[in-house]
Amino acid sequence: MITKQSLTVIARDALKNPGLTFDANMSNTSEWDSVGQLSMLIALDAFTNGRTAKITAIASCKSLAEIYSVLGENNLAGKD
């Protein structure tokens, strides 16, 4: 189960941005470009053992909050 904290850590690592917070989105995070988006999706897929690859809506998410919401709708995120 992914928590807000674990999602933030995954994004920090994928985007190589140690200061990244859960409030991150494409507009306020310079590293979050198309390559950064792909890096995050790959990292999420690895963390969930391939379960996020089946969620097409996740590719169009533009914030960690939106990703977390989509993960929750697919029973992959906790209730924190």
Considering only segment 6-31, how many residues are without any contact (Cβ under 8 Å) to a residue 24 or more places away in the chain and under 11 Å from the mean Cα position of the chain (by Cα)? 2
Out of Asp13, Asp23, which single residue is in a helix (DSSP H, G or I), modelled with pLDDT of 95 or more and acidic (Asp, Glu)? Asp13
Considering segment 51-69, residues that are over 11 Å from Ile2 (Cβ atoms) and among the β-branched types (Val, Ile, Thr), and then whichever is surrounded by the fewest Cβ atoms within 10 Å (Cβ to Cβ), we arrive at Thr56
What tally of residues in segment 61-78 results from selecting those that are part of a helix (DSSP H, G or I), in contact with a strand residue (DSSP E or B) (Cβ under 6 Å, 6 or more places away or on another chain) and not aromatic (Phe, Trp, Tyr)? 1
Pairs only if they're at least six apart or on different chains, beta carbon under 6 angstrom, first in segment 36-51 and touching a residue at least 12 places away in the same chain (Cβ under 8 Å), second among the small types (Gly, Ala, Ser) and in a helix (DSSP H, G or I); list them, first residue then second. Ser39/Ala14; Met40/Ala11; Met40/Ala14; Ala43/Ala14
Being more than 20 Å from Gly72 (Cα to Cα), not in a helix (DSSP H, G or I) and not aromatic (Phe, Trp, Tyr) is the filter here; which residues of segment 27-58 pass it? Ser27, Asn28, Thr29, Ser30, Glu31, Asp33
Note on segment 1-50: residues among the charged types (D, E, K, R), within 15 Å of Ser69 (Cα to Cα) and surrounded by 13 or more Cβ atoms within 10 Å (Cβ to Cβ) are Lys4
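The values are calculated or read from the model by the stated rules, or taken from the named source; none is laboratory data. Source: prediction; values computed, not measured. Neighbour counts are summed over all protein chains in view; Cβ atoms, including those assigned to glycine, are modelled from backbone coordinates with ideal geometry.
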